[in-house]
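Visitor: I am attaching a structure below and will ask some questions about it afterwards.
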Protein chains: 4
Amino acid sequence: MSDSAAPPSLFVHRRKIVWADTDPAGIAYTGRFPNFALEAIEAWCADRLGIDWYGMHNTLGGGTPFVHLDMDFRASLRPGDALATTVALRRAGRSSLEFAVTGRLADGTVSFEGKFVCVFVEDATHTSRPIPERFAQAVAREVELAVAGA
Amino acid sequence: MSDSAAPPSLFVHRRKIVWADTDPAGIAYTGRFPNFALEAIEAWCADRLGIDWYGMHNTLGGGTPFVHLDMDFRASLRPGDALATTVALRRAGRSSLEFAVTGRLADGTVSFEGKFVCVFVEDATHTSRPIPERFAQAVAREVELAVAGA
Amino acid sequence: MSDSAAPPSLFVHRRKIVWADTDPAGIAYTGRFPNFALEAIEAWCADRLGIDWYGMHNTLGGGTPFVHLDMDFRASLRPGDALATTVALRRAGRSSLEFAVTGRLADGTVSFEGKFVCVFVEDATHTSRPIPERFAQAVAREVELAVAGA
Amino acid sequence: MSDSAAPPSLFVHRRKIVWADTDPAGIAYTGRFPNFALEAIEAWCADRLGIDWYGMHNTLGGGTPFVHLDMDFRASLRPGDALATTVALRRAGRSSLEFAVTGRLADGTVSFEGKFVCVFVEDATHTSRPIPERFAQAVAREVELAVAGA
């Protein structure tokens with residue numbers, strides 16, 4: 001956590017859609033959308049758990065590979081669009097985190113909704129392990145925020 | 001169709017996993033997997049419908065944007081791995097195609113399974129349109145192949 | 001131009017290095033660096049010419065494809081690094097723009113230096129055309145800024 | 001080396017240009033070209049040195065980061081184009097390899113030419129090291145091939 005106070009609301013990741021994201025149809029390519037969502041979840045980790053994936057990989061002896069993702073596409077994105085992706089931790093299991101991500105345009109239009117599930121694993125054994133104790137409080141708070149739909 | 005004979009089996013797309021696909025954990029990054037599946041579906045279009053996305057975009061007055069995708073990840077991929085992705089057209093609606101994609105390693109291990117749904121749209125109106133008549137026969141045959149689990 | 005006052009200094013584009021940018025060596029993949037530079041140049045266009053590549057493509061009947069790029073790599077980048085890329089318009093020909101780009105880490109360390117050359121082309125003829133008159137003033141000012149090493 | 005016989009000619013890497021490589025102008029995005037060249041060099045390593053970058057990273061205690069690249073663009077690429085990239089090892093220093101890469105379309109048209117320089121480094125010290133002895137013979141032979149313009 002960047003500070004001890006509870007975050008006031010769900011984490012929102014912002015990025016501009018750029019030329020490189022888009023295809024001959026003039027809109028962001030389908031294959032880019034999971035990356036938009038994953039970038040948002042990565043930034044969520046840094047902001048809400050206080051450590052990003054690279055830090056986990058280097059210092060926690062394991063990472064959080066994804067076991068599932070699904071996405072529904074509602075509105076296309078074009079270069080210059082300001083995408084705001086909200087990340088809600090909808091559920092936490094013994095080892096797993098389930099995120100609900102929603103990407104919105106500046107006017108509030110929903111571009112995509114998705115569910116992403118990752119699992120804490122141990123590098124040494126390549127098997128799942130419980131969510132590290134150090135994240136327990138933050139995880140509980142984020143699930144609460146998600147339930148509240150903050 | 002590249003020829004008039006019915007394809008003997010489901011379409012399989014092959015690619016090597018390369019360094020650029022992988023992340024600091026030494027495995028293909030989650031965000032690359034939807035691209036592996038999409039590339040396979042794009043190649044399926046060229047092979048089984050006789051026209052790729054670029055050709056559709058340039059000559060058919062519209063494309064086939066995706067409205068949904070989901071993936072389950074079973075086994076990680078490393079640089080040098082030979083990925084074989086099977087594309088089955090599981091269902092065809094009035095305007096939509098639903099693909100089941102399965103990525104396998106050389107020894108048959110399933111790396112991922114996914115469902116991808118796209119819709120034929122008209123550029124002029126930005127609305128869905130029926131699957132073009134020219135694809136009717138190929139679509140019917142591919143659905144049959146998928147049902148047969150060929 | 002976003003306003004009528006001359007920009008006080010060279011354009012700087014900022015982005016975080018993310019997990020997806022990096023490879024099994026734990027550093028940003030070589031193939032990502034040209035994209036960092038190109039994103040910075042694209043943002044320069046929007047900020048200093050008042051129109052981005054997508055806008056040019058849609059409204060000016062042509063774009064600015066690159067004919068040359070070169071890069072020297074000085075220091076590696078890791079996830080979480082804050083990359084600041086300075087874009088200087090070092091030279092303007094009849095049709096071409098030559099950019100000097102320099103990527104720096106937060107502590108000022110130079111990560112990369114590069115030269116990128118693009119040419120204004122006409123879609124209808126696929127040949128080069130003079131830099132549009134509407135950009136003349138901005139281009140002159142940016143070249144001045146670059147010379148001054150502002 | 002996959003076998004003891006000298007390779008008959010310069011290494012050529014083949015790939016199809018796909019929808020994901022291309023931008024709203026309907027051609028492969030500038031930022032993709034360095035990746036085409038790098039993929040070809042990576043495949044050259046596997047074929048001509050007998051080990052790819054991932055193998056080097058895992059077993060040789062170091063890799064071959066790039067210190068320079070430059071590219072000139074001659075002809076654009078479109079989805080479906082069959083790109084053949086020739087890799088010539090133009091020069092070998094104490095620690096460095098300088099590659100000349102040339103990408104050609106099926107009809108022989110040159111799409112791009114480039115120079116890429118990498119350096120063998122030691123992970124433990126992050127400094128350059130001599131080209132490993134195990135590669136000496138293959139490197140000498142490849143430089144000869146490049147000189148001969150085979």
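Visitor: Starting from residues that are within 20 Å of residue B:86 (Cβ to Cβ) and of a type in the set (D, E, K, R), keep the ones in region B:14-46 and report whichever is most open to solvent (accessible area, probe 1.4 Å).
Guide: First, pick out the residues of region B:14-46 that are within 20 Å of residue B:86 (Cβ to Cβ): B:14-17, B:21, B:28, B:32-46.
Right, trim to of a type in the set (D, E, K, R) and you get B:14-16, B:21, B:32, B:39, B:42.
Numbers: B:14: 170, B:15: 50, B:16: 126, B:21: 6, B:32: 62, B:39: 31, B:42: 12 Å².
The qualifying residue most open to solvent (accessible area, probe 1.4 Å) is B:14.
Visitor: Inside region D:52-77, can you point out the residues that are more than 19 Å from the chain's Cα centre (by Cα) and without any contact (Cβ under 8 Å) to a residue 40 or more places away in the chain?
Guide: Passing the criteria: D:58, D:59, D:75.
Visitor: Confirm whether residue A:86 is assigned to a strand (DSSP E or B), among the polar types (S, T, N, Q) and either touching a residue at least 60 places away in the same chain (Cβ under 8 Å) or surrounded by fewer than 20 Cβ atoms within 10 Å (Cβ to Cβ) (or both).
Guide: Against the criterion (assigned to a strand (DSSP E or B), among the polar types (S, T, N, Q) and either touching a residue at least 60 places away in the same chain (Cβ under 8 Å) or surrounded by fewer than 20 Cβ atoms within 10 Å (Cβ to Cβ) (or both)), residue A:86 qualifies.
Visitor: When the residues of region D:70-95 are filtered to those that are over 21 Å from residue A:29 (Cβ atoms) and basic (Lys, Arg), which remaining residue is farthest from the other protein chains (Cβ to nearest Cβ)?
Guide: Checking each candidate, the answer is D:94.
Visitor: Is at least one residue of region A:129-149 touching a His at 6+ places or on another chain (Cβ under 9 Å) and on the phi < 0 side of the Ramachandran plot?
Guide: Checked against the condition, which is being touching a His at 6+ places or on another chain (Cβ under 9 Å) and on the phi < 0 side of the Ramachandran plot, region A:129-149 yields no hits at all.
Visitor: List the number of the failed condition for residue A:23; all other conditions in (1) within 13 Å of another protein chain (Cβ to nearest Cβ); (2) in contact with a strand residue (DSSP E or B) (Cβ under 9 Å, 6 or more places away or on another chain); (3) under 28 Å from residue C:59 (Cβ atoms); (4) touching a residue at least 24 places away in the same chain (Cβ under 8 Å) hold.
Guide: Answer for residue A:23: the failing condition is (4).
Visitor: Scan region D:93-108 residue by residue and report those that are open to solvent by 40 Å² or more (accessible area, probe 1.4 Å) and under 19 Å from residue D:148 (Cβ atoms).
Guide: Residue satisfying the conditions is D:104 alone.
Visitor: Out of the residues in region C:78-101 that are among the basic types (Lys, Arg) and more than 29 Å from residue A:53 (Cα to Cα), which is nearest to the chain's Cα centre (by Cα)?
Guide: C:90
Visitor: Would it be correct to say that residue A:60 is farther than 22 Å from residue D:24 by Cα, modelled with pLDDT under 95 and either surrounded by 20 or more Cβ atoms within 10 Å (Cβ to Cβ) or not aromatic (Phe, Trp, Tyr) (or both)?
Guide: Answer is yes for this residue.
Visitor: In this structure, does residue A:111 turn out to be open to solvent by less than 60 Å² (accessible area, probe 1.4 Å), of a type in the set (Gly, Ala, Ser) and either modelled with pLDDT under 95 or in contact with a Pro (Cβ under 8 Å, 6 or more places away or on another chain) (or both)?
Guide: Against the criterion (open to solvent by less than 60 Å² (accessible area, probe 1.4 Å), of a type in the set (Gly, Ala, Ser) and either modelled with pLDDT under 95 or in contact with a Pro (Cβ under 8 Å, 6 or more places away or on another chain) (or both)), residue A:111 does not qualify.
The values are calculated or read from the model by the stated rules, or taken from the named source; none is laboratory data. Please read all numbers here as calculations on a predicted model, not as lab measurements. With ideal geometry, Cβ positions are generated from the backbone for all residues, glycine too; neighbour counts draw on all protein chains shown. Side chains included, ligands, DNA and RNA excluded: accessible areas come from the protein's heavy atoms. Shrake-Rupley method; radii C 1.70, N 1.55, O 1.52, S 1.80 Å.
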